Amino acid sequence: MKTFNLAATSRKITGKAVGTLRRSGRVPAVVYGGGNAVRNLEVEAVAFGKIYAAAGESSLVDLAVDAGAPTKALIQDVQHDPVTGKVIHADFRAVKMTEKLKAEVPVVFVGESPAVKESGGVLVKSLGSIEVECLPGDLVHEIEVPLVSLKQFGDLTRLRDLTPPPGIVFVNDPETVVVSVAAPRSEEELKSLEGAVEVKVEEVGVVEKKKKEEEEAAPEGEEKKKEAK
């Protein structure tokens, strides 16, 4: 399994002041686990972005803090700015190579389903990642799920149908559906859906009209109250 190298430095700036770090092209971070105390770090934003894009959260990273000996770690809980999408914080989870861990490994669908390609079926992806348990050295970057066995509408692949990579145990329920093929909607079903949408739009219009009438009637009621006084 490929290992990625990333340099980090100890961070003294905390709280709202970390905004200055971000503006200077740095990302505030922490490292925890592995039997060590939590440490505040900072990493170079561009370098981290490249590593995160390649490693994700299921590949080991050699994290060298203050130019010291690297620590094996996994990237976890990356936070992004909701407007710019830039990384604003990241966690590193240090691991011990002799101790098993649990991690989420992304699922990658490979090949084509005959039911989709030849019959126009709809591919339904129900699982985006699989929780696994293994030694850090056995961790894989992704788990491939072949689609070639999905030949008819209603065919599906459950977790128990997949063979775990060497040294890995799947934690999820074996009966969990990973992917399936559904029949395409008929013209009648599509028309029915369109009709339902139109009805809902009309209902909204009626509600809005009634609300407007009530609002227009309200001042008259107030005037009548004043006249009664």
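Bear in mind these aren't lab numbers, they're just calculated from the coordinates by the rules spelled out. Predicted, not measured: the structure shown is a model, and the values here were computed from it. We place every Cβ from the backbone using ideal geometry, glycine too, and count neighbours over all the protein chains shown.
List of remarks:
- Spacing of the two label points (7 Å from each Cα toward its C-beta) at Lys125 and Thr176, in nm: 1.6 nm
- Across Lys72/Lys102; Lys2/Lys86; Lys50/Lys125; Lys125/Lys151; Lys117/Lys151; Lys16/Lys50, pairs whose alpha-carbon gap is larger than 19 Å: Lys2/Lys86; Lys50/Lys125; Lys16/Lys50
- Using a simple spin-label model with pseudo-atoms 7 Å out from Cα toward Cβ, Glu99 and Asp66 lie 2.3 nm apart.
- A Förster distance of 41 Å, applied to the separation of the beta-carbon atoms of Leu156 and Gln79, puts the FRET efficiency at 0.75.
- Each label was represented as a point 7 Å from its Cα along the Cα-to-Cβ direction; for Ser149 and Glu112 these points are 2.1 nm apart.
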